[in-house]
Structures are given as structure tokens and as C-alpha cells.
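Let me begin by handing over the structure; questions about it come next.
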Amino acid sequence: MSVKIATLFPEMFPGHLGLSLAGKALEKGIWSLETINPRYYATDLHKTVDDAPFGGGAGMVMKADILSNALEAHQPLGRFIYMTPRGKPLTQALAQELAKEPMLTVLCGRYEGVDERLLEAYNAEEVSLGDYVLSGGEQAAMIMLDAIIRLLPEVIGNANTHAEESFHNGLLEYPHYTRPADWVSPDGQLRRIPDVLASGHHAKVREWRLAQSETVTAARRPDLWEKYKKTK
Ligand code: SAM
């Protein structure tokens, strides 16, 4: 997958995407990264990329003409995404869909955001990380890309990993345990793993995990639980 990031802060990349799973995948060429700095395409002496909003109000707005110059110089763009709190929420389903794309270009906003005409002209798909306001789209883009890259073929060795993760089947994941089977926590309490996990009975383990997933989802995410019950 070829990824292009339009950002006023290219030095933020690859950031954490250069480490661990995503970093190894970048080294192996499973995905590639190119940054696009709109400032290089500014036409005045001061390299201006933003201006005051028409109609007044706080903050500055990223200029459509300069952003467009930058994007045109890096065609083709593939699927074009603008990170914004006004966008559709990033979900595992969207990450799975985006992981199938050969090319993505992600526009990271700063200041109050981007001139709306640029978003219209490039038919931008608007994606939000959640109902809060970050200072820039870079962090949002990195998190979205992390969710996408780990889904690319060969990034995670065991293909079954995804099938059991949270959201894959509409449920949150079941709890995990590892050695030692008996652990005394600092408050003096002996904490044992659930017996079924040491039973060696695979069908029973699967049944227990599904029941746990259902219990956790019903308790923590009534919205997901309602959807899951309908599709079941
Ligand atoms: N004025 C904007 C608003 O109220 O929706 C917020 C602008 S924010 C300070 C600057 C940039 O950060 C945005 O243009 C966007 O690219 C990015 N950003 C902030 N919060 C985000 C979120 N929840 N999801 C995705 N991107 C976000």
C-alpha cells in the first residue's frame, strides 16, 4: 500500500509508524510513506499556507489554492481522506475496508481546518478519530494508519489474530491470561486463572471465550451489544 500524507509537519512521520509491526512492514516494503508539505507550494515570500476565515471568527484556515498545488504535484492520490472531528468515526470495519486500497492520501488539518472548497473539489472522505478536538490531523492519521497497516497481509504472522480481536465479530474481546496460573497480587489475594483455560478442552475454551466476550460487550458497550443481538 502506498500512503501519502499532506502535512505541515512532515517531521512527525513516520513517528511511531516507524517502530514495531508497522515499522518492520515499512522496512519490508509492505507499505510505503511519502509526505507532502503544502508549504513548499506556497507562492509568497513568507510561504503562507493559511489565512483568516471569511466572515470573521477565531483562528486561521488552510488555503485551498496552496493545498491544491501540493496535491496536484503528487497525483495520483488514490483514496483521499481528510482527518476531521466532523468526519465519520474510524471503526474496525472502515480500517478493514481501507486496508484493501492500493493507495491512500491523508490530509492532516491544522488551525481551524481546511477551506471547504478544497474538500469539495477533491471529494474528500472525512474521517474522525472520536468526539474530541486534537490540535492537528497528524496524530489522528497515525492512529488510523496503525489500525490499517496491522491488517495488511503478512504484517501479523498469525492470520487468526484478527478473527479473534475486538470488533471483528461485533464483540469486544474476551480476557487473556498467561503464566503463572496462580498469582498472588500485592494485596495478598491468590488469583487463579479460570479452570477451563487449563483444561485442554478446545471446544469448551471457545465456548467460554464467546460467553466472556458477550458478557463484556453487553456490560460495556450496549450499542455494540444491541447490533450484535440483531445480527445473530
Ligand atoms: N475547528 C475544528 C472543529 O471544530 O471541528 C477543529 C480544528 S483542530 C484544532 C485542527 C485539525 O486537527 C483538524 O483540521 C483535523 O485535521 C484535526 N483533528 C482534530 N480533532 C480530530 C479528530 N477528532 N479526528 C480527526 N482529526 C482531528
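I'd like to know if the range 104-112 contains one or more residues that are basic (Lys, Arg), closer than 23 Å to Leu17 by Cα and away from the ligand (no atom under 16 Å from the Cβ).
No; the residues of the range 104-112 include none that is basic (Lys, Arg), closer than 23 Å to Leu17 by Cα and away from the ligand (no atom under 16 Å from the Cβ).
In contact (Cβ under 8 Å) with a residue 40 or more places away in the chain, over 17 Å from Met103 (Cα atoms), among the basic types (Lys, Arg) and buried (at least 16 other Cβ atoms within 10 Å of the Cβ) - does that describe any residue in the range 1-10?
no
If a residue has to be surrounded by fewer than 18 Cβ atoms within 10 Å (Cβ to Cβ) and not in a loop (DSSP other than H, G, I, E, B) to count, how many in the range 65-76 make the cut?
Residues in the range 65-76 being surrounded by fewer than 18 Cβ atoms within 10 Å (Cβ to Cβ) and not in a loop (DSSP other than H, G, I, E, B): 4 in total.
Also: How many residues does the range 77-97 hold that are part of a strand (DSSP E or B) and more than 15 Å from Val3 (Cα to Cα)?
6
Hey, any hits in the range 82-89 for a residue that's out of contact with any Ser or Thr (no Cβ under 9 Å at 6 or more places or on another chain), assigned by TED's automatic domain parsing to the domain that holds Asp44, closer than 30 Å to Val155 by Cβ and within 11 Å of the ligand (Cβ to nearest atom)?
yes
The values are calculated or read from the model by the stated rules, or taken from the named source; none is laboratory data. What you are looking at is a predicted structure, and each value in this text was computed from that prediction instead of being measured. A quick note on method: Cβ atoms are made from the backbone with ideal geometry, for glycine too, and the neighbour counts reach across all protein chains shown.
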